[in-house]
Each structure stands twice: as C-alpha cells, then as structure tokens.
Amino acid sequence: MSDLPPASPFRLLRRTLLAWFRKNQRPLPFRESPDAWRVWVSEVMLQQTRVEAMLPRYRAFVTRFPNPGSLAGADEDEVLAAWAGLGYYGRARALHRAARQLAAAGRAIPPDAASLRKLPGVGDYTAAAIASIAFGVPVAAVDGNVRRVLSRLFLVEGYRGRASFEGRIRELADRLMEADDARDPGAWNQALMELGATVCTPSAPRCANCPVREFCWARVAGRQAELPQRRPRPSAVSVCLAMAVVRDQEGRILVFRRGESPMRGLYELPCGEYRSDESAEEALVREAISRYGIHVKPARELAGFRHTVMNRRISVAPFEADLVEPAPGAIGPGGRFVHPRDLDRIPAGSMLRKALQGVGSTP
DNA sequence: GAGGCGTGGTC
DNA sequence: TGACCAAGCCT
C-alpha cells in the first residue's frame, strides 16, 4: 500500500471519471430504476455476454418474470427457453434456484453483498454490483472491465486468476471506492465498467477520447495495448458431427432432451461425432442406435455448417432421415416430436436452430 | 488455479 | 475464415 499515490489523486480520478460517466453513459433499461430484481437479472445476463446481445432478451425476460416470485413459480423449461440465445444456461438455472430459495424462505432480495453472495450464481462481482447499484452499498465490483482499466491506469502486470494480479487490482478497487467518501457507489462501479466497455477496450483502446488519460500509467509508458496480459489458452479442437432431421407424418421433428449436465434440459437433434475419414451417414446410423435407441436411414444431405462451442470447432453434417424403428409413438426416454413452429417454446441451444434454418414446417 | 460452460459479433 | 472476444460462476 505504501507505494500507492496519496489520497488526493484517487479523489481527482474518481471525480473526473464520475463526471464523464454522468454525461456519457449509455441509456440502458436496467439503469432506469434501481429495482434490485432488474439489476440482478441484468447483471447475470451480462456475465460474459455483450450488452447488445443481452438487451432484447432482458426486456422479454423481465416482462415475463417481473419479480423473483414470478420466476420461482415458473417451470425450468420455460426459464431455459427464455434464456435461449444467451448461452451459459447454468446461469438461468442458478437464477431460477435462487428465486425459489427466496420464495421458499419468504424473503426479499437481501440488500448486502455478503447475503447476496450466498445465492446460487451470485459471485463476488455480481453481489457487489447488486449491492452497490440497487442498495447504495460502497463495495467495489470487480469485473473484466475493471481489471483491464485498473491494470492500465496503474500498470498492473499479470492476468486474471494470478494471485499477485488479483490482489493488486482488488487493493486499487477498494481504495478507489473509498476515495471521495465513497459517494455514489453504484455510479462509480458502473463508471469504471462503462469506461472499459466503450473507451478502454481490450484492443485498440481509444486513449484520445479517454477522460482519465492524464492518470494512466500504461499510456505514459506506451504499454496500454499489452495490458492486461491474456491467460494462455489451448488451441481449438476440430470435430465432425452428423445430425438427423427426422419427421413424423405431421411434419414434426424428432428431438431428444440432453440428460448429462451441464447442458441437461436442452433439446438437441439426434447426432453423433465421427472421424473425418469415415462416412457421415454410417456414423449417423451407428450413433443414433447407440445413443438414442433409434434406427435411422439418412435420405438427403442438408446444408452443412460450422459451429463453435468453447474451444471445439464442430463441422456439422445434417441429414434428412427416415425413422426405420421404433414407431414414432415408441421413442425412448427424452425423445419427442416437436412442430417447427413450437421450437421457440422448448429449451434448445443455437446448434439446433442453425441446423433447422431453412427447414420448412411440412415434410 | 485451471478447466468447463454458449452465443453472436468483430476484425 | 479462424481467433478472440463480453459486465463470471462453479468445481
């Protein structure tokens, strides 16, 4: 701590950035009111998700579930379906569980970070964000934006997850929150994040437009582009996936519910991986029998596409296929036929939607 | 502390 | 087109 600047530069930095935020913040729906539920939902949706991707889902979600009680009373299927397109479905499941915990205990959303932190899906960042934005608690919310902004402002070396880096960032974030008597804690946390999201971006930071460029040690050193360091990641693995579009006489499509976590609960088309040196059709027949207990006969190859999940590049080969056995009414556990127009009402990942793009509602 | 978990958008 | 990303959490 002793090597940090004295208090007054912190106060000046804070006032400068807060003034910038008040003038330049984006008008976002969850900033319209300090409602804790709306803040909570928005923070969970924003975990690893861009604002632009989240906005339409957010509006629909809080309209359908305007408070924790309404979410607690919903089926998990509906919750997951409402989450479709956002990814990381564990977040939706955790939010659902948390709402049910509060409802079962007959409790409102707790106003302090420590209690919020105990709720499923609420980590250090989200607890601090809700407590500060909705309840005015002066606790620093440290997310990726804040890590990046502070690592540049104060030239902190290292990367996310490294103890020395995290410790230094946390120390700076706490100091800054305390500066200037910790006024407007919610606005301060958002100001830091807003700067990171719109100016102090990961690549090509717009330093010329930065309200606190005079404070930035990395800019003085010309090192803003190389901070923070990125954690080394393994390169992507390529796999092939054959997939069957099977219809019944009414044109409904056969889907199976995934059993294994953490994608459990989402529906998928019958599919199976295959090696690039074998036939997709043969692999599809084999995998359909072993994984779903159905015997299919590939009839027509559909437009293939590429899908990336985490660090797997998946080359997908979809086929229209006939069901040899069993009879459509005797499909095994987890399997069901769904009309294409009802696909939005079942929980499904994006790969299913991609595969069915351009597939009509009649055979 | 590393690894797993989605998606849609950029460059 | 492929790599990299975007307001994390959990194990």
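Do the conditions hold for A:Arg213, that is, is it modelled with pLDDT under 90 and either touching a Lys or Arg at 6+ places or on another chain (Cβ under 7 Å) or surrounded by fewer than 19 Cβ atoms within 10 Å (Cβ to Cβ) (or both)?
no
I'd like the residue in the stretch A:205-225 that is without any contact (Cβ under 8 Å) to a residue 60 or more places away in the chain and among the charged types (D, E, K, R) and, out of all such residues, is farthest from DNA strand B (Cβ to nearest atom).
Checked the stretch A:205-225; the qualifying residue farthest from DNA strand B (Cβ to nearest atom) is A:Glu214.
Is there a residue being more than 23 Å from A:Ala36 (Cβ to Cβ), hydrophobic (A, V, I, L, M, F, W, C) and modelled with pLDDT of 95 or more anywhere in the stretch A:136-151?
Yes, because at least one residue in the stretch A:136-151 is more than 23 Å from A:Ala36 (Cβ to Cβ), hydrophobic (A, V, I, L, M, F, W, C) and modelled with pLDDT of 95 or more.
Residues in the stretch A:55-78: is at least one of a type in the set (Ser, Thr, Tyr) and within 16 Å of DNA strand B (Cβ to nearest atom)?
Yes, the stretch A:55-78 contains at least one residue that is of a type in the set (Ser, Thr, Tyr) and within 16 Å of DNA strand B (Cβ to nearest atom).
If you take just the helices (runs of 4 or more DSSP H) that sit entirely in the stretch A:1-92, which of them hold at least 3 residues that are at positive phi?
none
Among the residues of the stretch A:149-163, write down those that are assigned to a loop (DSSP other than H, G, I, E, B), of a type outside the set (D, E, K, R) and open to solvent by 50 Å² or more (accessible area, probe 1.4 Å).
A:Leu155, A:Gly161
Scan the stretch A:312-334 residue by residue and report those that are within 15 Å of DNA strand B (Cβ to nearest atom) and either open to solvent by 50 Å² or more (accessible area, probe 1.4 Å) or modelled with pLDDT of 95 or more (or both).
The answer is A:Arg312, A:Arg313.
Looking only at the stretch A:268-279, decide whether some residue is under 20 Å from A:Pro333 (Cβ atoms), within 24 Å of the chain's Cα centre (by Cα) and open to solvent by 10 Å² or more (accessible area, probe 1.4 Å).
yes
Could you list, in sequence order, all residues of the stretch A:218-238 that are of a type in the set (A, V, I, L, M) and assigned to a loop (DSSP other than H, G, I, E, B)?
A:Leu227, A:Ala236
Working carefully through the options A:Arg57, A:Arg15, find the one that is of a type outside the set (A, V, I, L, M, F, W, C), touching a Phe, Trp or Tyr at 6+ places or on another chain (Cβ under 9 Å) and open to solvent by 70 Å² or more (accessible area, probe 1.4 Å).
A:Arg57
Filter the stretch A:111-139 for residues that are in a loop (DSSP other than H, G, I, E, B), open to solvent by 10 Å² or more (accessible area, probe 1.4 Å) and closer than 23 Å to A:Gln190 by Cβ and give the result.
Answer for the stretch A:111-139, where residues must be in a loop (DSSP other than H, G, I, E, B), open to solvent by 10 Å² or more (accessible area, probe 1.4 Å) and closer than 23 Å to A:Gln190 by Cβ: A:Pro111, A:Asp112, A:Leu119, A:Gly121, A:Gly123, A:Gly136, A:Val137, A:Pro138, A:Val139.
Quick one: which of A:Pro202, A:Pro228, A:Pro234 is touching a residue at least 24 places away in the same chain (Cβ under 8 Å) and in contact with a helix residue (DSSP H, G or I) (Cβ under 6 Å, 6 or more places away or on another chain)?
A:Pro228
Quickly run through the stretch A:172-188 and pick out the residues that are assigned to a helix (DSSP H, G or I) and either in contact with an Asp or Glu (Cβ under 9 Å, 6 or more places away or on another chain) or open to solvent by 50 Å² or more (accessible area, probe 1.4 Å) (or both).
A:Asp174, A:Arg175, A:Glu178, A:Asp181, A:Trp188
Could you please find all residues in the stretch A:93-110 being within 15 Å of DNA strand C (Cβ to nearest atom) and either in a helix (DSSP H, G or I) or within 17 Å of A:Arg64 (Cβ to Cβ) (or both)?
Matches in the stretch A:93-110: A:Arg93, A:Ala94, A:Leu95, A:His96, A:Arg97, A:Ala98, A:Ala99, A:Arg100, A:Gln101, A:Leu102.
The values are calculated or read from the model by the stated rules, or taken from the named source; none is laboratory data. As the structure is a computational prediction, the values presented were derived from the model and not from experiment. All Cβ positions, glycine included, derive from the backbone under ideal geometry; neighbour counts span all protein chains shown. Only protein heavy atoms, including side chains, enter the accessible area calculation; ligands, DNA and RNA are left aside. Shrake-Rupley method; radii C 1.70, N 1.55, O 1.52, S 1.80 Å.
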